[in-house]
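*Asks:* Structure below; questions to follow.
The values are calculated or read from the model by the stated rules, or taken from the named source; none is laboratory data. What you are looking at is a predicted structure, and each value in this text was computed from that prediction instead of being measured. Quick reminder, even Gly has a Cβ in these numbers, built from the backbone with ideal geometry, and neighbours come from all protein chains shown.
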Amino acid sequence: MLTLRKVFKAFSYRDFRLMWFGACTSSIGTWMQIVAQGWLIYRLSHSAFLLALDQFMGGIPIFVLTLIGGVVADRVERRKVLLISQFIQMASAITLTVLVATNYLKTAHDVWMIITLSFVSGVAQAFGGPAYSALIPTLVDREDMPNAIALNSIQFNMAVTVGPALAGITLAKLGEKWCFGLNAVSFLAPVLSLLIISARFQPQRTKESVLTSLKQGISFVRQREAMVALIVLAFCMTALTAPMRTYFPVFVKDIFHRGAETYGWLLSAMGIGSIIGSLIIASRGNIHNKGRVALVTMTCLGAAISAFALSRALPFSYFSVIIVGASMMAVFATVTSLVQLITTNEMRGRVMSVYNCAFRGGMPMGNLVTGQLVPIYTAPIVVGASGGLLVLIAIYYLLFQRRVAAL
């Protein structure tokens, strides 16, 4: 009982509970849409490049605009920013539902409409992401911040587990439009949570320009060498990990010769692994040697990605994906905790926007590069090489550039 209480300690805070359940519900819907959208694009075009382009266009606004989003998160009441972000993403999901339900999307030439909606949602996330990252730590006491971050990772990865599984069933039984429609409805959960929570962020009045505030955030990061290294690691991790998930439809159709349900189960297996990794980190509490733990786990992550790429046996692929999920979330939760603990509250929005820029920006960059390489070298070779490169980066920071390992 004491162990469970320790693992779920952040749930003792009412506002954190409300935000957790609201975000989890929305994330389930989002993952249902991610699965259905990837499947729809590949069904219409059978193009690995368009799969990667969709991921790139959804992620590039986050890479470009999230720094401005961080300034906004430090200047405007963060709940309001999040509410606007949720409404925009809901409208995008509704639009896609209508397009599919009316059979408007028929060929590869229509994929541009899906990609455009991904871009719109990405813009909303560029502002919502820093506001959410800055809001969550303020809902708990400082000593419970690592636990809250780990539990927040669990809600996301519960969604990664449940969402794709539901999407696979829904795709097979009801079609893509139901996945998109249910995602639109799921945004009501975080909206209600944001309206109910009592926490308020009162930004300090400032006459500084947005550019000046942005420079202050970047300067705060640059003055802390360990923070720079953490942000570089965040970028490398997502840039080299994201392509594996992007090309799941390629592995499912062209290598395993299976259907949408297998695609959903692969994503669910990754989610199960992620929950395991998050629970382990949550149970450890405020651990020492976080930097070393993150780097060793990143080595395991890269090895598991390469193992998946080389596998031709579906059961072993499921196992590899579980290890990928567990390692990825352990690294993410540990690195995020380090960044949050180093950061002051008045700078949190801007610093987390820099971190999110690297973390989320790695996804479109990785997908853009691999989108060019996969048609030439095939998905297994490119994904396997990405895993190997991640192992080398982790070893470099572990043995030679030791700023992170010393944290």
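*Asks:* Quick check on this structure: which one of Arg245, Arg222 is surrounded by fewer than 17 Cβ atoms within 10 Å (Cβ to Cβ), among the charged types (D, E, K, R) and out of contact with any strand residue (DSSP E or B) (no Cβ under 6 Å at 6 or more places or on another chain)? Give the derivation first.
*Replies:* Values: Arg245 fails: surrounded by fewer than 17 Cβ atoms within 10 Å (Cβ to Cβ).
Only one candidate qualifies: Arg222.
*Asks:* Separate question: Sort out which residues of region 256-281 are at pLDDT 85 or above and assigned to a loop (DSSP other than H, G, I, E, B), and write them in order of number.
*Replies:* Answer for region 256-281, where residues must be at pLDDT 85 or above and assigned to a loop (DSSP other than H, G, I, E, B): Phe256, His257, Arg258.
*Asks:* Are there any pairs, at least 6 apart or on different chains, whose C-beta atoms fall under 8 Å, with the first in region 346-364 and in contact (Cβ under 8 Å) with a residue 12 or more places away in the chain and the second acidic (Asp, Glu), and if so, which?
*Replies:* Within 8 Å, the pairs are Glu346/Asp74; Met347/Asp74; Arg348/Asp74; Gly349/Asp74; Arg350/Asp74.
*Asks:* Same structure, new question: Being assigned to a helix (DSSP H, G or I), within 17 Å of Ser85 (Cα to Cα), touching a residue at least 12 places away in the same chain (Cβ under 8 Å) and of a type in the set (A, V, I, L, M, F, W, C) narrows it down to one of Phe63, Phe21, Phe16, Phe11, so name that one. Before the answer, list the steps.
*Replies:* On the way: Phe21 fails: within 17 Å of Ser85 (Cα to Cα); Phe16 fails: within 17 Å of Ser85 (Cα to Cα); Phe11 fails: within 17 Å of Ser85 (Cα to Cα).
That would be Phe63, the only listed residue that is assigned to a helix (DSSP H, G or I), within 17 Å of Ser85 (Cα to Cα), touching a residue at least 12 places away in the same chain (Cβ under 8 Å) and of a type in the set (A, V, I, L, M, F, W, C).
*Asks:* Hey, does region 310-320 have a residue that's over 30 Å from Thr170 (Cβ atoms), outside any loop (DSSP other than H, G, I, E, B) and more than 16 Å from the chain's Cα centre (by Cα)?
*Replies:* Yes, there is a match, as at least one residue in region 310-320 is over 30 Å from Thr170 (Cβ atoms), outside any loop (DSSP other than H, G, I, E, B) and more than 16 Å from the chain's Cα centre (by Cα).
*Asks:* If I go through region 291-316 residue by residue, how many of them are surrounded by fewer than 23 Cβ atoms within 10 Å (Cβ to Cβ) and either farther than 28 Å from Ser337 by Cα or free of Cβ contacts under 8 Å to residues at least 24 places away in the same chain (or both)?
*Replies:* Residues meeting the conditions: 8.
*Asks:* Related question: So, of the residues in region 107-146 that are of a type in the set (S, T, N, Q) and over 18 Å from the mean Cα position of the chain (by Cα), which turns out to be surrounded by the most Cβ atoms within 10 Å (Cβ to Cβ)?
*Replies:* Thr138
*Asks:* Taking only region 116-134 into account, find how many residues are of a type in the set (S, T, N, Q) and closer than 12 Å to Gln89 by Cα.
*Replies:* First pass over region 116-134, keeping only residues of a type in the set (S, T, N, Q): 116, 118, 121, 125, 133.
Next cut, closer than 12 Å to Gln89 by Cα only: 118, 121, 125.
So the count comes out to 3.
*Asks:* Scan region 362-396 residue by residue and report those that are surrounded by fewer than 22 Cβ atoms within 10 Å (Cβ to Cβ) and more than 19 Å from Leu51 (Cβ to Cβ).
*Replies:* Gly388, Leu389, Val391, Leu392, Ile393, Ile395, Tyr396
*Asks:* Any chance you could count how many residues in region 135-159 are aliphatic (A, V, I, L, M), more than 21 Å from Ile94 (Cα to Cα) and at pLDDT below 80?
*Replies:* Final tally of qualifying residues: 6.
*Asks:* Looking only at region 299-349, which residues are among the β-branched types (Val, Ile, Thr) and under 13 Å from Ala269 (Cα atoms)? So that I can check it myself, show each step before the final result.
*Replies:* Taking region 299-349 as the starting set, the residues that turn out to be among the β-branched types (Val, Ile, Thr) are 299, 305, 321-324, 331, 334-336, 339, 342-344.
Within region 299-349, Val321, Ile322, Ile323, Val324 qualify.
*Asks:* Counting only residues that are of a type in the set (S, T, N, Q), within 18 Å of Phe235 (Cβ to Cβ) and at pLDDT below 90, how many does region 368-388 have?
*Replies:* Residues flagged as of a type in the set (S, T, N, Q), within 18 Å of Phe235 (Cβ to Cβ) and at pLDDT below 90 within region 368-388 amount to 1.
*Asks:* Looking at (1) over 20 Å from the mean Cα position of the chain (by Cα); (2) within 18 Å of Ala159 (Cβ to Cβ), find the lone condition where Thr238 falls short.
*Replies:* Failed condition: (1).
*Asks:* Specify the residue that is surrounded by the most Cβ atoms within 10 Å (Cβ to Cβ); the eligible residues are those in region 155-168 that are under 9 Å from Gly271 (Cα atoms) and among the hydrophobic types (A, V, I, L, M, F, W, C).
*Replies:* For region 155-168, the residue satisfying everything is Val160.
*Asks:* Name the residue, out of Leu301, Leu314, Leu295, Leu338, that is within 20 Å of Gln401 (Cα to Cα) and modelled with pLDDT of 90 or more. Reasoning before the result, please.
*Replies:* Numbers: Leu314 fails: within 20 Å of Gln401 (Cα to Cα); Leu295 fails: modelled with pLDDT of 90 or more; Leu338 fails: modelled with pLDDT of 90 or more.
Among Leu301, Leu314, Leu295, Leu338, only Leu301 is within 20 Å of Gln401 (Cα to Cα) and modelled with pLDDT of 90 or more.
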